[in-house]
Amino acid sequence: MVTLADLKISEVKLSEEHVGKWGMVIDQDICTGCQACVAACAMENNIPFVGEEDSGYGRSMHWIRIERFWEGEYPEVKMTPNQPMLCQQCGSAPCEPVCPAFATVHSQAEKLNLQVYNRCIGTRYCANNCPYQVRSFNWRDYERPEPLPNQLNPDVTVRRRGIMEKCTFCIQRILNAQDKAKAEGREIMDGEFTTACAQACPANAITFGRMDDPESLVSQLAKRSHGVKHLEELGTLPNVTYFKGG
Amino acid sequence: MFKRIFEWLIQPLGLIAVGIALLALFSLAAYGLYATQQPPEQPIQFPHQTHIAFGIQCLYCHPGAAKGPSAGIPSSAKCWACHNQIAKTQTSALLAPLKQAVESGAPIEWVPVAIVPDFVQFNHRAHVAAGQNCENCHGDMTKVTVAQNPQVFNMGWCLNCHVKSADDDQEKLVKLSDCGTCHY
Amino acid sequence: MSKNFSRRDFLKLAGVGAATTAVLTGCGPASRYVKREPYMQMPEYNYNGQSTYYATTCRECAAGCGLVVRTSQGRAIKTEGNPNNPLNLGKTCARGQATLHGLYNPDRVTDSLKRDSRGSESMQVMDWESAIQVVADALKNNKPEEIAFLMGMAPDHLFDLASDFAKATGINAPVRFGALSMFESRATLSKAAKNLFGEASLPFFDVGGAQVVFSFGANFLETWLSPVSYMRGFAGLRDGQTKKRGSLVQFESRMSATGGKADEWIPLRPGSEALVALAIGRLVSELRDGPMPRAFSSVDPLEAASKSGIKLETLEHLAGMFANSSGALAIPGGAALGQSNGLAVAESVLALNAMSDNFGKPGGVYFSALAPNQTEYQGPASAKEMRELVQKMYDGKIKVLFVHGVNPLFELPTSLEFGGASKYVSQIISFATFPDETAREADFVFPDHHGLESWGYQRVATGSAKPVLSGAQPVVSPYYNTRATADVLITAAQLAGGKFAQALPFKDEVEFLQSKVTSLMSEADGSISAPDILTFMAYFQQHGGYWKLSDARGIPNAADVLNRSFSAQEAEFAGEGEFFFVPFVSPTLAEAGANKPWLQELPDPTTTVMWNTWVEMNPVTAHELGIENDDVVKIVSEAGELEAAVYVYPAIRPDTIAIPFGQGHTAFGRYAEKRGVNPVDLLGQHFNEAGDLAFAGMKVKVEKTGKKKPLSRLESLMGVYGIGLGEE
């Protein structure tokens, strides 16, 4: 059997120059709030719908949600630019150290925050500790009447009651693309695949790709001066960059 | 209330009852474990060894193994391609379900033998590409009729092999021991 | 529990025990005894576990976006946009994503059905042979002028088939209608284009190339005309890297999701849009020191300011923005057109573009490119034309009504009394895929396949510079015992014989499709060409349609626009009440999304409400009336009344209330039924000059009921406990 010592994996280094592996840039100025990303994410990742009552309690399972806030009062009222909020795939994630079951672990290979469903025991400590509030919990076994299950994506585990879940940066697409590239004996090309949300976005407000490749579109965009990272001051080292707009 | 139950339990007869209950639980668990390792009842007692003896390669019937995640169970059309040329197919009682399936157009409901839980995302292609032969995991099919599991597919067994194959390659080790490689 | 514990029960229990142990010990799968049904005949290009992708066309609205559907083992898993389709370039909206929840909806019509009697819930399953006989008899036993087709905005191939059939046999030409086209006021747009430029066409607004966009009520980032294409245009407008970032000014009385994205949101008094557009035109002209065009000469900016409730300085500032921009564009749309003066609004806003001289130029106004096999723009029926149909039904002039792709009992204003008129139609045959309100009234329901199981094509009416014919093919085999309506009509026509059989001389739907696209096979400038029809159809399916390679948008002839005079008359509002009433199409549900659970669970972009209907009310008004969030109010118009919960909405005029359209179904499956209210219940029979419904031309009263209905909202999740449904 394998022990942790066998794995010889060094701890993640916390540093200012942190560069993740996969990253995302979201342009809030062109996000129209149309919810296409939310629907695409739900369809790709087998996210259950919870119904009117449970969603009223805040139990809806959106892995990505679009936030908007109000500024001022009528008639000088303004809606702030739509803010798609999803797991920021922190380099130093507050959710990870609090999991007693090691279900919320950092992937050393893909530099993502993983949620290992079969380890999760549903303490919800991680959701409590997430400053972005992007984790959702399966409060019930939500019903999908036949024949709705026909639509389920075979690449993604169907979660059951008592399990925490969140955006995975469509890790199934990452691994599929890697597998395909490996089979063809090449490296993954920039733009060869993308996440479900980015693929659907009619305004092209979401860009996804390799952050550690200086040539990739996403790392070029992330360098623009008006990019901000949310709650960066907490030391979370988020991998999603936002353009506020204007 | 609880005290009375406890008192009853620590008297000799109670201890025996507890013992029997524990024994029953243990047997049930043992039986459960045993049951998971038995080859399930199949619609056709498919003789793997006969087919292999004819020189048919694994990938002929399970071509998905080299291409993608799932090896696949062959369609009845594939079976029929050979079998409709074999006279015995028409008379054999063993093959009656196949004949019936082809005639009625209803699929044969096979019971998969080597499966992993649905929270494990397994990909055959990567394993075949890494030089693993079918028999390394599925056992020697020349010796069995209906497929059997030669070993328990649990995570320790997977990881043992992953770590071994990574050897001293740190990058490969990280990849092969990452939770996200199989669980998402 | 039973006392007789049989051996079978024991084995069952042991099995459960075994499975449990297996899970607990992590030794084996709990789903040990699953069964796998392999293909009988696996397609050669398939591999187990690998996906196959098919190009088709989305049918959630009539825009005609191309889709690529991922299928696995014969199931549709995910829809993506078709990157090659010039209309949507690989993108989809939320409804396109959720179309799978229609395909695998638990409440589809599974077989052809015969109702025992009108109004009864009880229905009998029929076999398709007798179903087709019913259609054939209906054709044969009635006079041609007593037969009518009522069809939705999609799919176009079926409309073409019905049109050809009607033309050849003398039955009534099919009438097309959809709630989206009603709320878009398409007839008004094309009529205004006819009046101004001499051509009845659907204008296309090149938002992406513009620098300043003045939108008068156009909700082009939601459901308007071709939302995916307009959202791409908006991204172009906002691009600040390759050019200067463009800005959006939205004139509307309630902030729509589009208005929320605007740099300046101008809450004008409903009905004053034409006046404001003309006043801005005049101010622009004054700023430029040129001769005053006749179009704007009679309008007084000061009067416009006072009547619209916009400050004169604001008007001047906006005119400055418009005048100083290198690419200003004005768009009429939405509620602004759905008023008694809607046509005047459309005309004066289009005329404002003349001050920017942008007709047929990048960032300006074009005519939409006609689809490859189309010779002239064909608009859907306006609400007034629908009233004529209803009148004919009332008069008993229609004996047989075929309904496909539209749900008039839900989508038409209740005051038009389609339901009442349908009692005078002896036979209503619905081809509905879902058990909607109209199917519930129908004598027969002969369900069509879902769009993803269907052949067909859709002409792209607007949104693409190139002419596009989006092609549809089945991506999965039909899940239920449904049949393509085109096939039903073709077979029934053959059965009816005579002129009917001659009108549809086809073997099946596919042969009809081939006959319709044959002419494109060797046309120049096409995306695909082939020497024979079978090869061409293969390409057509593979690429998801056919399109031309060059821009074919028309250029409006605007030479005379500024020399015309325009009516600056304000709209008239029907009914008594203190509030302007603005119904708007729900951006996430639109007209037929309510039965898809994930669309229900999408939060509305502005209010974040899910799963229900709300009434938007200004906070000041709500305070004055003593109304709080989630209070149920009764809204009374001259045509009807309804009750819904209030959402106190910071971005709506104090004299206006707004309700989304999309909920309030009485049929349509478990996710849609008995949920929310339908604002068409409040709409009276008032039309604008183009015949479109004046849906935003009502005044209504608001009464408190004392009841509460907590709305589910996404925003209540933000760490606020005790807010939500639990608080009764």
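Side notes on the structure shown:
- Of A:G185, A:P84, C:G64, farthest towards positive along the dipole that unit charges on Lys, Arg, Asp, Glu beta carbons give the protein assembly as shown: A:G185
- With distances taken between every two different alpha-carbon atoms, the protein assembly as shown has a Kirkwood hydrodynamic radius of 32.4 Å.
- Cubic angstrom per residue, convex hull over Cα atoms of chain A: 171 Å³
- Peptide-level mean, for C:229-236, of C-beta atoms on other protein chains within 10 Å: 5
- Placing a pseudo-label 7 Å from each Cα along the Cα-to-Cβ vector at C:K35 and C:E199 gives an inter-label distance of 6.2 nm.
- Orientation-averaged projected area, Cα convex hull of region C:308-442 (nm²): 12.4 nm²
- Chain B - mean residue ellipticity at 222 nm from DSSP helices (-39,500 (n - 2.57) per run, n ≥ 4, rounded to 500): -15000 deg cm²/dmol
- Ranking of B:Y31, C:Y230, C:Y479 by neighbouring Cβ atoms within 10 Å, starting from the fewest: B:Y31, C:Y479, C:Y230.
- Normalised Debye scattering of chain C at q = 0.11, 0.12 Å⁻¹ gives log10 I(q)/I(0) of -1.22, -1.40, counting only Cα atoms as equal scatterers and leaving out solvent.
- Entries in C:K114/C:K507; A:K21/C:K596; C:K596/C:K707 that, when Cα-Cα distance is taken, lie over 31 Å: A:K21/C:K596
- Between the C-alpha center of region B:78-114 and that of region C:583-660 there is a gap of 61 Å.
- Quarter of Cα convex hull surface for region B:43-92, i.e. mean projection, nm²: 4.1 nm²
- The chymotrypsin sites (Phe, Trp or Tyr not before Pro) of region C:328-424 that DSSP puts in a loop, and whose beta carbon has at most 16 other beta carbons within 10 Å, are C:Y424.
- Dividing the summed -39500 (n - 2.57) terms of all DSSP H runs of n ≥ 4 by the residue count of chain A sets its mean residue ellipticity at 222 nm at -5000 deg cm²/dmol.
- Looking at region C:252-356, none of the chymotrypsin sites (Phe, Trp or Tyr not before Pro) sits in a DSSP loop with at most 15 other Cβ atoms within 10 Å of its own Cβ.
- For chain C, relative contact order (Cα pairs under 8 Å, six or more residues apart, normalised by length) works out to 17 percent.
- Computed over the alpha-carbon atoms, region A:43-181 gives an Rg to Rh ratio of 1.01, Rh here being the Kirkwood radius from the mean inverse distance.
- Charged neighbours of C:M151, selected by a Cβ distance under 12 Å, balance to -2 (K, R count +1; D, E count -1).
- The charge dipole of the protein assembly as shown, taken about its Cα centre with unit charges on the Cβ of Lys, Arg, Asp and Glu (plus for the first two, minus for the last two), comes to roughly 2500 debye.
- Kirkwood Rh, angstrom, region C:579-717 [1 / mean 1/r, Cα pairs]: 15.2 Å
- For the protein assembly as shown, share of DSSP beta bridges that run antiparallel, in % to the nearest 5: 60 percent
- With Cα atoms defining each centre, region C:321-342 and region B:1-56 are spaced 76 Å apart in the structure.
- Counting 0.36 nm for each residue step from C:T110 to C:S515 and taking away their Cα separation leaves a gain of 142.8 nm.
- Residue order, fewest to most beta carbons within 10 Å, for B:H183, C:H543: C:H543, B:H183
- Among C:S340, C:S356, C:S215, sorting on how many other beta-carbon atoms sit within 10 Å of each Cβ, with the fewest leading, yields C:S340, C:S356, C:S215.
- Formal net charge of residues neighbouring C:Q133 (Cβ-Cβ distance under 15 Å; K, R +1; D, E -1): -2
- By the rule of a C-alpha distance below 27 Å, with chain neighbours fewer than 8 residues away ignored, the lysines paired with C:K307 are A:K78, C:K191, C:K261, C:K699, C:K701.
- For the listed residue pairs A:K111/A:K229; C:K392/C:K516; A:K180/C:K91, the alpha carbons are over 20 angstrom apart in C:K392/C:K516; A:K180/C:K91.
- Per residue, the Cα convex hull of region C:182-367 amounts to 105 Å³.
- For chain B, the fraction of C-alpha pairs farther apart than 27 angstrom is 49 percent.
- For C:V582, residues with placed amide H under 5 Å, excluding near neighbours: C:I657, C:A658, C:I659
- Neighbours of B:Q132 by Cβ distance under 12 Å: Lys/Arg scored +1, Asp/Glu scored -1, total +1.
- Under conditions of 25 °C and 0.890 mPa s, region C:52-103 yields 228 µm² s⁻¹ as its translational diffusion coefficient, taking Rh as the Kirkwood radius over Cα pairs in the Stokes-Einstein equation.
- Inverting the pair-averaged 1/r between distinct Cα atoms of region C:543-600 gives 18.2 Å as its Kirkwood hydrodynamic radius.
- Under 5 Å, built H, 5+ apart or other chain: amide partners of C:H665: C:K674, C:R675
- With Cα atoms defining each centre, region C:460-487 and region C:186-242 are spaced 25 Å apart in the structure.
Coordinate-derived values only; no laboratory data. Bear in mind that the values here come from a model prediction, so they are computed numbers and not experimental data. Reconstructed Cβ throughout: ideal geometry from the backbone, glycine too, with neighbour counts over all protein chains shown.
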